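Participant: Questions regarding the structure given below will be posed in turn.
The values are calculated or read from the model by the stated rules, or taken from the named source; none is laboratory data. The structure presented is a predicted model; accordingly, all values stated were derived computationally and were not measured. Here the Cβ is made from the backbone with ideal geometry for all residues, glycine too, and neighbour counts use every protein chain on show. Heavy atoms of the whole protein, side chains included, go into the accessibility calculation; ligands, DNA and RNA do not. Shrake-Rupley method; radii C 1.70, N 1.55, O 1.52, S 1.80 Å.
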Amino acid sequence: MDLENYFEFLTAEDIRVKGTRIGIEHILYEYVVGTKTAEEIAQEFHTVSLEQIYATILYYLRDREAVGKYLENWLDCTNKAQAQFDIDPPPFVAKVLKWKLERLTQGVRVSQ
């Protein structure tokens with residue numbers, strides 16, 4: 001079986017583990033940034049088999065430059081989206097944050 005058969009290439013920016021809704025970037029983030037083992041990653045992603053996790057890691061190791069760039073682009077996009085969210089949250093989120101701030105300034109304990 002070719003390694004690529006483990007994945008669904010939806011777009012150049014969206015590669016998923018076949019049969020799941022999990023993007024390879026989530027597994028690779030845990031492996032590369034979180035320095036987790038395949039077995040530790042499997043504990044977090046219950047819809048992905050250990051074999052699929054190993055295939056994802058091997059896919060990365062086989063072409064670190066291209067797959068590393070894919071992961072880097074995802075991280076950059078995620079960070080930009082988070083920064084934009086922080087600057088201009090959706091109305092509901094802004095309302096909840098305002099409510100929490102008002103409660104805190106009144107000395108009322110607000111759960112996380």
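Participant: How many residues are touching a helix residue (DSSP H, G or I) at 6+ places or on another chain (Cβ under 6 Å) and aromatic (Phe, Trp, Tyr) if we restrict to the range 1-46?
Facilitator: Applying the first criterion (touching a helix residue (DSSP H, G or I) at 6+ places or on another chain (Cβ under 6 Å)) to the range 1-46 yields 3, 6, 15, 17-18, 24-25, 27-28, 30-31, 36, 38, 41-42.
Okay, now just the ones that are also aromatic (Phe, Trp, Tyr), so 6, 31.
Number of matching residues: 2.
Participant: Next up: Do you know which of the residues in the range 31-58 that are touching a strand residue (DSSP E or B) at 6+ places or on another chain (Cβ under 7 Å) and either part of a helix (DSSP H, G or I) or of a type in the set (D, E, K, R) (or both) is surrounded by the most Cβ atoms within 10 Å (Cβ to Cβ)? Lay out the reasoning, then the answer.
Facilitator: In the first step, residues of the range 31-58 are kept if they are touching a strand residue (DSSP E or B) at 6+ places or on another chain (Cβ under 7 Å); the result is 48, 52, 56.
When the remaining residues are screened for being either part of a helix (DSSP H, G or I) or of a type in the set (D, E, K, R) (or both), the result is 52, 56.
Values: GLN52: 22, THR56: 28.
Checked the range 31-58; the qualifying residue surrounded by the most Cβ atoms within 10 Å (Cβ to Cβ) is THR56.
Participant: Any residue in the range 4-20 that is at pLDDT 95 or above sitting within a Cβ distance under 6 Å of a residue that is of a type in the set (D, E, K, R) and not in a strand (DSSP E or B)? List the pairs, counting only those 6 or more apart or interchain.
Facilitator: TYR6/LYS18; PHE7/LYS18; GLU8/LYS18
Participant: I'd like the full set of residues that are touching a Ser or Thr at 6+ places or on another chain (Cβ under 8 Å) and farther than 17 Å from VAL67 by Cβ, limited to the range 20-43.
Facilitator: Selection gives THR20, ARG21, ALA42.
Participant: Here is a follow-up. Being of a type in the set (A, V, I, L, M, F, W, C) and either in contact with a His (Cβ under 9 Å, 6 or more places away or on another chain) or farther than 13 Å from ILE57 by Cβ (or both) is the filter here; which residues of the range 1-16 pass it? Spell out how you get there, then give the answer.
Facilitator: Of the range 1-16, the ones of a type in the set (A, V, I, L, M, F, W, C) are 1, 3, 7, 9-10, 12, 15.
Matches in the range 1-16: MET1, PHE9, LEU10, ALA12, ILE15.
Participant: Quick check: is even one residue across the range 70-81 touching a residue at least 60 places away in the same chain (Cβ under 8 Å) and buried (at least 18 other Cβ atoms within 10 Å of the Cβ)?
Facilitator: Checking the range 70-81: at least one residue is touching a residue at least 60 places away in the same chain (Cβ under 8 Å) and buried (at least 18 other Cβ atoms within 10 Å of the Cβ).
Participant: If PHE92 meets every condition in (1) under 27 Å from ASN5 (Cα atoms); (2) of a type in the set (A, V, I, L, M, F, W, C); (3) open to solvent by 90 Å² or more (accessible area, probe 1.4 Å) apart from one, which number is that one?
Facilitator: (1)
Participant: Out of the range 59-78, which residues are of a type in the set (A, V, I, L, M) and out of contact with any strand residue (DSSP E or B) (no Cβ under 9 Å at 6 or more places or on another chain)? Quick ask: steps written out before the conclusion?
Facilitator: The first filter runs over the range 59-78 and keeps only residues of a type in the set (A, V, I, L, M), leaving 61, 66-67, 71, 75.
Scanning the range 59-78 gives LEU61, ALA66, LEU71, LEU75.
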